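To start, the structure under review is shown below, and the notes come after it.
Each reported figure results from applying straightforward, stated rules to the coordinates on display, with no laboratory input. If you're wondering where the values come from, they're calculated on a predicted model, not measured in any experiment. Glycine also receives a Cβ, built like all others from the backbone with ideal geometry; neighbour counts cover every protein chain displayed.
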Amino acid sequence: MLNTSLFKFLTQPVVGVALLSAVNVAVPCVSLAQGQSLPPTTQTPSTPTQLDTNYSLGGGDLIRVNVFEVPEYTGEYQIPPGGAINLPLIGSVSVLGLTTEQAADEIARRYARFLKRPLISVNLLSPRPINVFVAGEVTRPGAYTLSLSGGAGNNPGVQYPTILAALTTAQGVTLAADVTQVQLRRKIGRSSEQTVTVDLKELIQTGRLSQDITLRDGDTIVVPTATNFNVAESRNIFAANFAASQTTPRTVTIIGEVNRPGSYLVTPGNTDAQAGATTNSGTASPTGLPNVTRVIQLAGGITAQADVRNLKLRRPTRTGSEQAIDINLWQLLQSGDANQDIIVQDGDTIVIPTATEINPAEATQLATTTLSPTSIQVGVVGEVKKPGLTQVQPNSSLNQAILAAGGFNDARASSNAVDLIRLNPNGSVTKRIVKVDFSAGINEQTNPILRNNDVVLVNRSGAAKTGDTVNTITGPLGIILNLLNIFGL
């Protein structure tokens with residue numbers, strides 16, 4: 001039944017005007033039916049650079065619907081997944097995708113069939129959790145549920161999660177991300193969608209939180225892949241609070257001219273051998289950033305044939321493509337350009353090519369850097385004074401290895417030439433004769449630079465071979481003669 005006393009009360013001119021004035025001041029989300037004008041709301045189109053921040057109702061929200069002067073029609077409602085609430089007298093009303101003001105207007109329109117001047121307000125008492133989707137260059141793309149903090153409705157202290165909170169929940173952006181073109185897509189009302197572009201680089205540089213937009217349920221965040229890799233920006237991203245964790249171990253593959261090619265687990269700040277390889281044993285790694293030089297150290301350092309000017313880092317992206325990044329470590333060594341020492345991320349592959357030409361002076365200089373191992377192991381066997389495995393500095397030459405083994409055994413060694421035996425990366429073995437010239441500097445013909453695990457074989461001289469042959473023959477004959485003497489034969 002209708003409240004006729006309420007009708008009479010509302011139809012009194014003076015009382016009605018006074019009541020309407022009071023309601024408009026106290027409750028901004030009141031809707032007026034039957035020709036009363038509404039204040040401007042979200043119907044005004046948003047500009048491309050400004051996102052609609054009005055809250056849209058949805059399943060899970062707890063709201064209070066106030067029907068002024070009709071308390072029996074006032075109540076609290078948990079909006080079901082379908083978005084329709086069941087109200088007294090008018091039945092089911094869908095509020096899905098509406099703001100509180102729009103919902104109040106819709107309910108007032110429905111009540112206008114039964115109430116002469118219905119005054120309706122809708123208050124959000126408890127907002128639903130915010131479900132968002134994070135895609136693109138983040139560590140773990142996918143759907144996430146973000147909680148709100150603070151109050152809601154009559155308590156204005158509610159705090160909505162932001163873009164940074166969503167990126168952090170997705171374990172941060174990758175180093176392949178273009179943080180200047182992050183897209184936020186938001187459904188407006190029941191059918192339209194709005195997209196804005198957010199520049200998180202500006203947030204890094206200026207600290208302007210205006211770029212960190214608050215999220216609404218159903219938002220989608222897309223972090224695109226950078227088309228042009230910028231080393232300096234990559235370092236800034238690595239240090240940002242919305243990037244992937246700096247301490248998370250990352251698996252990186254390194255191939256080419258290193259002593260132990262393979263896949264390595266790089267743990268930033270680790271000082272023990274636990275940061276070694278997953279398929280090869282690593283060396284102790286110093287504290288610091290997970291960068292290219294760290295991986296080279298874990299792989300046992302570069303070989304003497306490494307071209308440090310033309311390294312290539314291959315980085316897979318979320319789009320299925322691959323970023324190819326050029327690295328010049330010689331520039332790092334000469335000018336201290338730290339940007340060349342690129343920070344690696346999980347899945348990276350580092351390729352160290354073979355130099356087409358080796359400069360002896362540069363090779364000697366490289367041997368003293370942290371790119372090279374502290375020592376390499378070569379075998380010097382045969383007619384030297386201390387045959388066996390010998391530890392020498394990287395980029396040591398053939399002459400230096402022979403001297404480290406004590407030099408030739410002058411009485412027996414063939415000092416004109418030696419055999420150099422080398423195990424190649426492809427598994428093949430090569431052997432060549434090298435003419436020895438102790439007066440020569442480093443050169444490929446007479447004094448080549450040695451590689452790890454090379455073997456230098458110093459052969460016997462002709463006189464030594466002859467003497468060994470005589471001893472081999474006369475040795476058993478002498479034993480027979482002695483036996484004859486013993487038995488008196």
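Below 29 Å, Cα to Cα, which lysines can K465 reach? Residues fewer than 8 away in the same chain don't count.
Cα-Cα hits under 29 Å: K385, K386, K431, K435.
Give me a comma-separated list of calculated 3J(HN,Hα) values for the stretch 310-318, in order, Karplus coefficients 6.51, -1.76, 1.60 applied at θ = phi - 60°, integers in Hz, x for any Gly or Pro.
10, 5, 10, 10, 9, 10, x, 10, 6
R0 = 41 Å: FRET efficiency of R140 with E444, Cβ-based, nearest 0.05? Please report the intermediate quantities before stating the final value.
Numbers: r = 51 Å, r/R0 = 1.24.
That pair, R140 with E444, gives E of 0.20.
At R0 = 45 Å, how high is the FRET efficiency between N86 and D199 if r is their beta carbon distance? Nearest 0.05 is fine.
0.50
Excluding same-chain residues fewer than 8 positions from K187, which lysines have a Cα within less than 18 Å of its Cα?
Answer for K187, where 18 Å is the Cα cut-off: none of the lysines qualify.
Between A361 and Q334, how high is the FRET efficiency from 1/(1 + (r/R0)^6) when r is the Cβ-Cβ distance and R₀ = 22 Å? Nearest 0.05.
0.95
Rounded, prolate or oblate: which fits the stretch 376-458, taking a ≥ b ≥ c as square roots of the Cα gyration tensor eigenvalues, rounded meaning a/c under 1.5, else prolate when a/b beats b/c?
rounded
Arranged by the count of other C-beta atoms within 10 angstrom, fewest first, what order do K116, K435 take?
The most exposed by this proxy come first: K435, K116.
Based on alpha-carbon positions alone, could you give the equivalent ellipsoid semi-axes of the stretch 130-239 from the gyration tensor, as √(5λ), descending, whole Å?
Over the Cα atoms of the stretch 130-239, the ellipsoid semi-axes are 25, 16, 13 Å.
Apply the Karplus parameterisation 6.51 cos²θ - 1.76 cosθ + 1.60, with θ equal to phi minus 60°, to every residue of the stretch 180-188 and state each ³J(HN,Hα) to the nearest whole Hz, in sequence, with x for glycine and proline.
Couplings: 8, 10, 6, 9, 10, 10, 9, 6, 10 Hz.
What is the distance in Å between the Cα centroid of the stretch 80-108 and that of the stretch 316-371?
62 Å
Order by neighbour count: I63, I188, fewest other Cβ atoms within 10 Å first, most last.
On the way: I63 23, I188 17.
Lowest to highest Cβ neighbour count: I188, I63.
Short version: ³J(HN,Hα) in whole Hz for each residue of the stretch 349-354, in order, from phi by Karplus 6.51 cos²θ - 1.76 cosθ + 1.60 (θ = phi - 60°), x for Gly and Pro, what are they?
Per residue, the Karplus-derived 3J(HN,Hα) values read 10, 9, 10, 10, x, 8 Hz.
Figure the gain on full extension for S245 and T319 (residue separation times 0.36 nm, minus the Cα-Cα span) and round it to one decimal in nm.
24.5 nm is the gain from fully extending S245 to T319.
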